[in-house]
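Novice: Got a structure for you, questions after.
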Amino acid sequence: MLEETIILAIVVGLTEVAKRVGLVGRIVPVFAVVAGIGVAFIANLGGAWDVALQGLIVGLTAIGAYEVGKTTVLGK
């Protein structure tokens, strides 16, 4: 079982790879949420609803963590 922090790092990494491959715009947050749910299901964090909620939280957190980092480091 992977912890949520490791799943978060995986989702941030997957999202960054997807963006470098060509995913742009409003689809990136949707991808992050779907990736979070997918990775949570693979890690099997609990029952189906628990896993879906954990994945949703991880995906949304990945989006926010990336945006905070981008704003802080790059000043955008």
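The values are calculated or read from the model by the stated rules, or taken from the named source; none is laboratory data. Being a predicted model, the structure only gives us computed values, none of them experimental. Glycine also receives a Cβ, built like all others from the backbone with ideal geometry; neighbour counts cover every protein chain displayed.
Novice: Can you tell me which of (1) in a helix (DSSP H, G or I); (2) in contact with a helix residue (DSSP H, G or I) (Cβ under 7 Å, 6 or more places away or on another chain); (3) at pLDDT below 85 is the one Leu45 doesn't meet?
Specialist: (1)
Novice: Being touching a Gly at 6+ places or on another chain (Cβ under 9 Å), in a helix (DSSP H, G or I) and free of Cβ contacts under 8 Å to residues at least 60 places away in the same chain narrows it down to one residue among Ala9, Ala32, Ala18; which is it? Steps first, please.
Specialist: Working: Ala9 fails: touching a Gly at 6+ places or on another chain (Cβ under 9 Å); Ala18 fails: touching a Gly at 6+ places or on another chain (Cβ under 9 Å).
After ruling out the rest, the residue left standing is Ala32.
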